[in-house]
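Got a structure for you, written out below as structure tokens; questions coming shortly.
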Amino acid sequence: MSISSGNRDNNKLTLFKYMIRRYKSLLILLPAFTLYHLSAQTPEHRVLACVGGKVYPSQIATPIEDAAVVVEEGKISAVAARVLFKLPASAEVLDCKGKTIVAGFWNSHVHFETGWHGAENALADKLEAHMQEMLTRWGFTTVWDLGSEPGNTLALRERVEAGQVPGPKILMAGDIFPENGHPVYLSPEMELPEAGNAPEAMLMARGYLSMGLDGIKLFTGAYMGNKPVVNMDAAIVKAAVDVAHALRKPVFAHPQNHVGVDNALAGGVDILAHTIPNEGSFTAEELAHMKQQRTALIPTLTLWTTVVSDSAVQDQLVRAGVNELKAFFSEGGTILFGTDVGFITRYDTTQEFEFMGRAMGWRDVLGALTTNPAEYFREPSKGRVEKGMDADFVVLDGDPAADVRNFAKVAYTIRGGKVIYSAK
Ligand SMILES: [Zn+2]
């Protein structure tokens, strides 16, 4: 580059800087004009706008008051203060005045088990009603099924993706149990895949992933009622983990006790699918190990109110679960929201938010619902209400900053720009 052209570039740069200073407000307005023209050019082009609400773009971002969230082609095309927009007359407007908008929620521990059989041929209306009751009315736009009949969940997923059943994006993990580790709470007629050695675990993991599942779940501790917990050896854990990790797929563990946690960590499991409240607390070694390996934790605190009938014991289990969550979180561990719904029949998420709120702030809970799983499971276009992201978001009747339980007050759930649940 010659000196003279360098000077010219410098001059251009100075002029550009001047223009930015001079027309800063115009530059801010530009996306709104672009949007207007785009939409005006193609009148059939569908535009959805949620207008008048308060947006929390992410767990860390500054809220935008009286905002508009504009959706085109399944993506968020703009998020800004409402006054900056001139929407096309054809835009479908959702009045969000007085409401709060956050990114679509992930439930990283569900089961399409109780009441979901025969999904391939069930009436779409029936599936939609159940989907609403269990998931979409609680704001879930992405879920992890951590163990059901795989063929049934895959058939359900196909019907959701084909647009027959409004529902969340469904990811699924295949279960592997330890030898002679058929948990007492699962019907004895169920034929469960039990791995007695490393080659068997590898074969099962490969089988699940080749049939289109997205991860593996290992019962590193199986609950046997009055008999001792049956644990899976760390070598068997590692064999399954190696298969999954070679394909960049995550591995979850149902730990049940300390040995189940320790073998999961020794074998390189990514996510603990529960706390272990019956043990009282995680050990310092476990916490250090989890931190070092960047293990994530799904607390499932409401679950502990359903496993025993004695309310004093329930309280004690919840207290221990909350303390484990607190200890793990204060070490900087990644928390993923999950409730084990579909195994438990309590679909309402209010209590889970209240319990989590005892260990974390509301913004941290928002992270567990949105940005944490999006990052952990490598879905960079999900987790935030920002321009260019997938149009997965939740409109709440209440501000979670005022009360963490307001995360359960869902007015609308939107996935890929489509309203998949409306409270009206
Ligand atoms: Zn479960």
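The values are calculated or read from the model by the stated rules, or taken from the named source; none is laboratory data. These figures come from a predicted structure and were not determined experimentally. All Cβ positions, even for glycine, are placed from backbone atoms using ideal geometry, and neighbour counts span all protein chains on display. Just so you know, the surface numbers come from the protein's heavy atoms only, side chains and all, with ligands and any DNA or RNA stripped out. Shrake-Rupley method; radii C 1.70, N 1.55, O 1.52, S 1.80 Å.
Whose amide H sits under 5 Å from the amide H of residue 94, counting only residues 5 or more places off or on another chain, with H placed in the peptide plane?
Correct list: 49, 50, 51.
With a 1.4 Å probe and every protein chain left in place, work out the accessible area per residue of the chain in Å², rounded to a whole number. Present the calculation step by step, with values, prior to reporting the outcome.
On the way: 19150 Å² over 424 residues.
So the chain comes to 45 Å² accessible per residue, rounded to a whole number.
Please state, as a whole number in µm²/s, the translational diffusion coefficient that the Stokes-Einstein equation yields for the chain at 25 °C and 0.890 mPa s, with Rh defined as the Kirkwood radius across alpha carbon pairs.
Numbers: Rh = 23.1 Å.
This corresponds to a translational diffusion coefficient of 106 µm²/s.
Now, a different point. What does the accessible area of residue 64 come to, in Å² to the nearest 10, when a probe of 1.4 Å is used?
Roughly 40 Å² of residue 64 is accessible to a 1.4 Å probe.
Please report the spacing between the Cα centers of the stretch 124-169 and the stretch 176-246 in Å, no decimals.
Using only Cα atoms, the two centres lie 25 Å from each other.
Also, I was wondering about something else. Please state the shape class of the stretch 268-383: rounded when a/c is under 1.5, otherwise prolate if a/b exceeds b/c and oblate if not, all from the C-alpha gyration tensor.
On the way: a/c = 1.81, a/b = 1.24, b/c = 1.45.
Note, shape of the stretch 268-383 comes out oblate.
Whole-Hz ³J(HN,Hα) for each residue in the stretch 242-251, computed from phi via Karplus 6.51 cos²θ - 1.76 cosθ + 1.60 with θ = phi - 60°, x for glycine and proline: what do you get?
In residue order, the calculated couplings are 4, 4, 5, 5, 4, 9, 6, 10, x, 10 Hz.
Considering only DSSP beta bridges with both partners in the chain, what is the antiparallel share in %, to the nearest 5? Don't jump to the answer; show the numbers that get you there.
Numbers: 28 of 60 bridges.
Around 45 percent of the beta bridges assigned by DSSP in the chain are antiparallel ones.
So what is the 222 nm mean residue ellipticity for the chain from helices alone, if each DSSP H run of at least 4 adds -39500 (n - 2.57) and you divide by all residues, rounding to the nearest 500 deg cm²/dmol? Mind showing how you got there, number by number?
Values: 12 runs with 148 residues, N = 424.
Rounded to the nearest 500, it is -11000 deg cm²/dmol.
Based on the Cα atoms of the stretch 129-264, what semi-axes does the equivalent ellipsoid have, where each is the square root of 5 times one gyration tensor eigenvalue, given in whole Å with the largest first?
Its equivalent ellipsoid spans semi-axes of 28, 18, 13 Å.
Sticking with this one: With a ≥ b ≥ c taken as the square roots of the eigenvalues of the C-alpha gyration tensor of the stretch 375-424, please select rounded if a/c is under 1.5 and otherwise prolate if a/b is larger than b/c or oblate if it is not?
Values: a/c = 2.42, a/b = 1.39, b/c = 1.74.
Oblate.
Hey, another quick one. For the stretch 158-163, take each phi angle, set θ = phi - 60°, evaluate the Karplus expression 6.51 cos²θ - 1.76 cosθ + 1.60, and give the result in whole Hz per residue in order, putting x for glycine and proline.
Once θ is set to phi - 60°, the couplings for the stretch 158-163 become 4, 5, 5, 5, 7, x Hz.
If you don't mind, there's one more thing I want to ask. Starting from the Cα gyration tensor of the stretch 197-326, take the square roots of the eigenvalues, sort them a ≥ b ≥ c, and report rounded, prolate or oblate (rounded when a/c is under 1.5, otherwise prolate if a/b is larger than b/c, else oblate). Write down the numbers at each step before the final one.
Values: a/c = 2.01, a/b = 1.72, b/c = 1.17.
Prolate.
Right, another one. Just going by the charge dipole of the chain, with Lys and Arg at +1 and Asp and Glu at -1 on Cβ, which of 255, 74, 186 is farthest out on the positive end?
Towards the positive end, the residue furthest out is 74.
Please list 346, 319, 294 from largest to smallest accessible area, probe radius 1.4 Å, with all protein chains kept in place. It would help to have the intermediate numbers written out before the result.
Numbers: 346 95, 319 140, 294 165 Å².
Sorted by accessible area, descending: 294, 319, 346.
Out of residues 5 or more away from residue 411 or on other chains, whose amide H comes under 5 Å of its own, with H placed 1.01 Å from N in the peptide plane?
395, 396, 397
Which order do 154, 265 take by accessible area at a 1.4 Å probe, largest first?
Heavy-atom accessible area, descending, gives 154, 265.
So for the stretch 136-261, averaging the separation of alpha carbon pairs under 8 Å that are six or more residues apart and normalising by length, what relative contact order in percent results?
Values: 222 pairs, mean separation 30.4, N = 126.
Once normalised by length, the contact order is 24 percent.
Right, here's the next one. Considering only C-alpha atoms, what is the centroid distance from the stretch 68-122 to the stretch 290-316, in Å?
Between the Cα centre of the stretch 68-122 and that of the stretch 290-316, the gap is 30 Å.
Probe radius 1.4 Å, ligands and nucleic acids left out: which of 185, 421 has the largest accessible area, and how do the rest follow? It would help to have the intermediate numbers written out before the result.
Values: 185 85, 421 25 Å².
Descending accessible area places them as 185, 421.
Now a separate question. In terms of modelled amide H atoms, which long-range or inter-chain residues lie less than 5 Å from the amide H of residue 343?
111
Further, regarding this structure: If the cut-off is a Cα-Cα distance under 24 Å, which lysines reach residue 169, setting aside same-chain residues fewer than 8 apart in sequence?
75, 126, 217, 249, 382, 387, 409, 418, 424
Okay, next question. Extension gain residue 319-residue 84, at 0.36 nm per residue separation less the Cα-Cα distance, in nm?
Details: separation 235, 0.36 × 235 = 84.60 nm, distance 4.77 nm.
Additional length available on full extension: 79.8 nm.
Calculate what fraction, in whole %, of the accessible area of the chain sits on carbon and sulfur atoms when a 1.4 Å probe is rolled over the protein chains.
Working: 10290 of 19150 Å².
Answer for the chain: carbon and sulfur cover 54 percent of the accessible area.
When the Karplus curve 6.51 cos²θ - 1.76 cosθ + 1.60 is applied with θ = phi - 60°, which whole-Hz ³J(HN,Hα) does each residue of the stretch 277-290 get, with x for Gly and Pro?
Along the stretch 277-290, the couplings run x, 5, 8, x, 6, 6, 7, 4, 5, 4, 4, 5, 5, 5 Hz.
Same structure, new question: By DSSP, what percent of the beta bridges with both residues in the stretch 205-360 are antiparallel, rounded to the nearest 5?
Values: 2 of 13 bridges.
So the antiparallel bridges amount to about 15 percent of the total.
Quick one: net charge of residue 116's neighbours, Cβ under 10 Å, K/R +1, D/E -1? Let's see the in-between values first.
Working: positive: none; negative: 113, 145, 149.
Its environment carries a net charge of -3.
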